[in-house]
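To start, the structure itself, in structure tokens.
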Amino acid sequence: MKHYALFLALSISLFISACNKDEGVNIFTIDQDKQLGLQVKDEIASDPVKYPILSRTTYANAYAYLEQMKTTILASGNVTHKDNFTWELFIINDDNVQNAFCTPGGYIYVYTGLIKYLDNATSLAGIMGHEIAHADKRHSTEAMTKQYGISTLVSVLLGDNQNQLSDIAQSLVGLTFSRENETEADKYSVRYLCPTLYRANGAGEFFTKIIALGGSQVPEFLSTHPNPDNRVSNINTEATSLSCIGGTIVPAVDIAAYNNFKSMLP
């Protein structure tokens with residue numbers, strides 16, 4: 001009975017707290033985002049066949065390039081949880097997958113297939129900003145709250161169903177976000193990049209390439225996302241509204257340095 005009372009009180013408290021947030025209902029706390037992200041990291045590390053992570057020692061220069069990009073974005077002053085989350089970065093060696101994702105708590109994963117698909121650092125920075133925004137705006141745990149329901153998640157957080165926590169962690173790897181979440185992540189990618197050397201509409205350049213290819217090479221992870229044409233328009237509108245007139249990076253230098261980065265990969 002005492003345990004049930006604690007459960008009920010915690011459910012009500014968390015529900016009221018979550019409903020007061022602008023981003024929607026989210027039962028998880030910041031610390032629980034970090035805990036869940038760490039578990040996802042462990043799940044990924046336990047399956048090197050599916051997720052072949054490049055060695056930081058062997059590919060130190062490639063990691064240094066991406067770490068500098070990540071640091072630049074986080075230093076923009078616009079990432080809410082810059083100091084709360086880990087923001088640890090990993091490169092997955094799979095040229096057949098054009099994808100990137102960021103777990104709760106800030107564990108960032110970028111596939112070599114995506115890196116090689118892109119033409120310049122600004123495009124990758126735009127996507128990295130987009131993925132950072134998913135973690136920063138806590139879209140994953142918001143989606144988990146909707147998917148599993150508050151009562152189930154409260155039970156997990158109380159320690160009653162730890163097997164469920166493992167299932168939740170695994171489902172986060174291939175999580176599909178709502179169109180609203182994707183639109184918000186695009187917007188904040190612009191805001192993150194606006195004060196940096198990268199062009200603020202970097203994510204839009206990625207979608208422009210997809211459009212130029214006639215949609216024939218749309219990465220699988222974008223199949224349920226908003227229309228690329230609309231995303232480019234929205235991204236450019238956001239950049240204009242913030243008076244982001246363009247980064248200081250010279251396009252030729254951007255491309256040359258990025259090609260050198262790609263040559264560091266297997």
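Please treat every number below as a calculation from the coordinates, not as lab data. Note that this is a predicted model, so its numbers are computed, not measured. Cβ coordinates were reconstructed from backbone atoms using ideal geometry, including for glycine residues, and neighbour counts include every protein chain displayed.
For the residues 112, 58, 237, what sequence is obtained by ranking on other C-beta atoms within 10 Å, fewest first? Can you show the working numbers first?
Details: 112 22, 58 10, 237 14.
The order, fewest Cβ neighbours first, is 58, 237, 112.
Give me the percent of DSSP beta bridges within the range 25-263 that run antiparallel, rounded to the nearest 5.
Working: 4 of 9 bridges.
Bridges in the range 25-263 are about 45 percent antiparallel.
Using a simple spin-label model with pseudo-atoms 7 Å out from Cα toward Cβ, residue 197 and residue 82 lie 1.7 nm apart. Each residue of the range 103-112 was assigned a 3J(HN,Hα) from its phi angle through the Karplus curve 6.51 cos²θ - 1.76 cosθ + 1.60 (θ = phi - 60°); the sequence is 7, x, x, x, 8, 9, 10, 10, 7, 4 Hz, with glycine and proline shown as x. Given a Förster distance of 22 angstrom, what is the FRET efficiency for residue 147 paired with residue 179, based on the Cβ-Cβ distance and rounded to 0.05? About 0.85, to the nearest 0.05. Exposure proxy for 56, 138: other Cβ atoms within 10 Å of each Cβ, ordered fewest to most, give 56, 138. Place a label point 7 angstrom from the Cα of residue 257 along the Cα-to-Cβ direction, then list the residues of the range 94-134 whose backbone nitrogen is under 14 Å away. Correct set: 120-126. Applying 0.36 nm per residue to the separation of residue 75 and residue 55 and subtracting their alpha-carbon distance, the gain on full extension is 4.6 nm.
What ranking of 54, 114 emerges when the number of other C-beta atoms within 10 Å of each C-beta is taken as an exposure proxy, fewest first?
Details: 54 18, 114 21.
Ascending number of Cβ neighbours within 10 Å: 54, 114.
As a rough guide to protection, the peptides 256-265, 68-77 ranked by mean Cβ packing within 10 Å, highest first, stand as 68-77, 256-265.
Straight-distance candidates among the lysines for linking to residue 70, with alpha-carbon spacing under 25 Å and chain neighbours fewer than 8 residues away dropped: 34, 41, 50, 82, 116, 137, 187, 209, 262. Multiplying each eigenvalue of the alpha-carbon gyration tensor of the range 25-263 by 5 and taking the square root yields semi-axes of 29, 20, 17 Å, largest first, rounded to whole angstroms.
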